[in-house]
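The values are calculated or read from the model by the stated rules, or taken from the named source; none is laboratory data. This structure is a prediction, so every number in the text was calculated from the model and none was measured. Every residue, glycine as well, gets a Cβ built from its backbone with ideal geometry; the counts of neighbours run over all protein chains shown. Ligands, DNA and RNA are excluded from the accessible area calculation, which covers all protein heavy atoms including side chains. Shrake-Rupley method; radii C 1.70, N 1.55, O 1.52, S 1.80 Å.
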Amino acid sequence: MLPVLLALTLIELFSGLVLGGFEEDLLRSPSLLVLVPVTIGTAGNLGSILAARLSTSFHLGTLSFAPDDDELVGNAVATVALALTVFPVIGAGAWLLTALVGSTRLPVTTVIAVAVAAGAALAVLAVVVTLVTTFVAYRFGLDPDDVVIPVVTNVCDVLGVLVLFGAIRLFVG
Amino acid sequence: MTVREVAVRAYREALPALGASLVGGLIAGVVLGGMRAELRAVPGLLVLVPALLATRGNVYGSFGARLATALHQGLIEPRISEADRRFAAAATAALANGILTSLFAAVAVFVILTTLGERVAPLPTLVGVALVAGILSGVALTAVVVSVVFAGYRKGHNPDTLVGPVVTTTGDVFGMLFLLTAVRVVFALGGGG
């Protein structure tokens, strides 16, 4: 297990370096700093839930990689719907908790906008990454349960930071 | 099933777990937001955060999954007093993996930031923080995973569905809390450079 952990750590360090790149923005606006763990975590969770469901369908033989496959499309739609449900709550929650324990610099609407924009983009990316990884695992005859979830969770972590960075640039400058 | 039925079912099944980890993630975020002084005092600490949080999830998610499988197979009993050598070995391996990976992350952050010419805390500070955080969160997460999986199993819940949400929620919260504790311990011991 250790070699896998070390490889995944190197992937995670990449997202750490991106975070380090906008550390000053984050330290200046604590509500954005509060968004970091929950955005990364939720992106990874969306990906891993989708991956777990698709690999179960795959094992049951009810999944095909056709663009009109009901299982595939239904699960992809659910992933986007879940993101659009939880990310407004995440934005509002991050702002509220920051206001409770200290002071906020940004208006609540800005923090919600950052969270929702990041969440919507992440849901789409999580679907793409999960489908590609599941398909590649299937092609190489690997069990998707072993391969897909760790890869998807850690790739979504990195994407979570990159997308959050993009959303902050877009709405905060 | 139609696309709509698949989507509605997937949505309903996933929402509670996502909601639970959302609460954990926000609490972890508040801890991170509250340690801005520590982040400024230890350059490179923020770079380390995603790797440390992911390590908690990867190591203890896998430990929980092993524990659940062993319960299903009847290899262990869901009681801590009856925990046997097999169980102790799995717990020790998880702790060792978690600490080694944390130390590796700390050294890698130091090497990368030094190579890039960025500001970075001294190596002993980063390694000390990673070591203390790895030990404290490892012990706490082992206790949480074991008690939740055992208690859930005795009450008739499938431990497989408990492990994921429990590890992601408590992993983030304990990961951040013990990272903050670790910085304070290392500074108190004079490792702040």
| So what is the 222 nm mean residue ellipticity for the protein assembly as shown from helices alone, if each DSSP H run of at least 4 adds -39500 (n - 2.57) and you divide by all residues, rounding to the nearest 500 deg cm²/dmol? | -30000 deg cm²/dmol
| query | For A:2-10, what's the mean count of beta carbons from other chains sitting within 10 Å of each residue's beta carbon? | reply | 6
| request: Heavy atoms only, probe 1.4 angstrom, no DNA, RNA or ligands counted: give me A:Asp68, A:Asp143, A:Asp157 ranked by accessible area, highest first. | output: A:Asp68, A:Asp143, A:Asp157
| message | Rounded to the nearest 10 Å², what accessible area does B:Phe150 have for a 1.4 Å probe in the complete protein model? | response | 10
| field | the range B:118-140-the range A:134-173 distance, computed between alpha-carbon centres (Å) | value | 26
| message | Out of the total accessible area of the protein assembly as shown (probe 1.4 Å, heavy atoms of protein only), what percent is carbon and sulfur? | response | 67
| said: Among A:113-125, B:46-58, B:63-75, how do they line up by average Cβ neighbours within 10 Å per residue, starting with the highest? | reply: B:46-58, A:113-125, B:63-75
| field | Residue-by-residue Karplus 3J(HN,Hα) for the range A:44-54, coefficients 6.51, -1.76, 1.60, Hz, glycine and proline x | value | x, 5, 4, x, 6, 5, 4, 4, 4, 5, 5
| From phi via Karplus (6.51, -1.76, 1.60), per-residue ³J(HN,Hα) for the range B:7-17 in Hz, x at Gly/Pro | 5, 5, 5, 4, 4, 5, 6, 8, 4, x, 5
| Using alpha-carbon pairs under 8 Å, 6+ residues apart, how would you state the relative contact order of chain B in percent? | 35
| remark: Per residue, accessible area of the protein assembly as shown with a 1.4 Å probe, heavy atoms of protein chains only, in Å², comes to 42
| query | Which whole number gives the average count of other chain Cβ atoms within 10 Å of the Cβ atoms across peptide A:50-62? | reply | 1
| request: First measure r as the distance between the Cβ atoms of B:Ala96 and B:Val8, then evaluate 1/(1 + (r/R0)^6) with R0 = 51 Å and state the FRET efficiency to the nearest 0.05. | output: 0.70
| message | Can you compute the charge dipole magnitude of chain A about its Cα centre, using +1 on each Lys and Arg Cβ and -1 on each Asp and Glu Cβ, nothing else charged? Give it in debye, rounded to the nearest 20. | response | 500
| Listed residues A:Thr110, A:Thr133, A:Val77: farthest to the positive end of the dipole of the range A:29-171 (Cβ charges) | A:Thr110
| request: Calculate one ³J(HN,Hα) per residue across the range B:98-105 by plugging θ = phi - 60° into the Karplus curve 6.51 cos²θ - 1.76 cosθ + 1.60, and present them in order as whole Hz with x for glycine and proline. | output: x, 5, 4, 5, 4, 5, 4, 4
| request: Rank these residues by their accessible area, most exposed first, probe 1.4 Å: A:Ser55, B:Ser62, B:Ser147. | output: B:Ser147, B:Ser62, A:Ser55
| request: Return the whole-Å distance between the Cα centroid of the range B:41-100 and the Cα centroid of the range A:23-87. | output: 24
| remark: With a 1.4 Å probe and ligands and nucleic acids left out, the total accessible area lost when A pairs with B, in Å² to the nearest 100, equals 4100
| What does the accessible area of B:Met1 come to, in Å² to the nearest 10, when a probe of 1.4 Å is used? | 120
| About the Cα centre, charge dipole magnitude for chain B (Lys/Arg +1, Asp/Glu -1 at Cβ), debye | 140
| task | Kindly state, to the nearest 0.05, the FRET efficiency for B:Val139 paired with B:Met1, given R0 = 45 Å and r defined as their beta-carbon distance. | result | 0.50
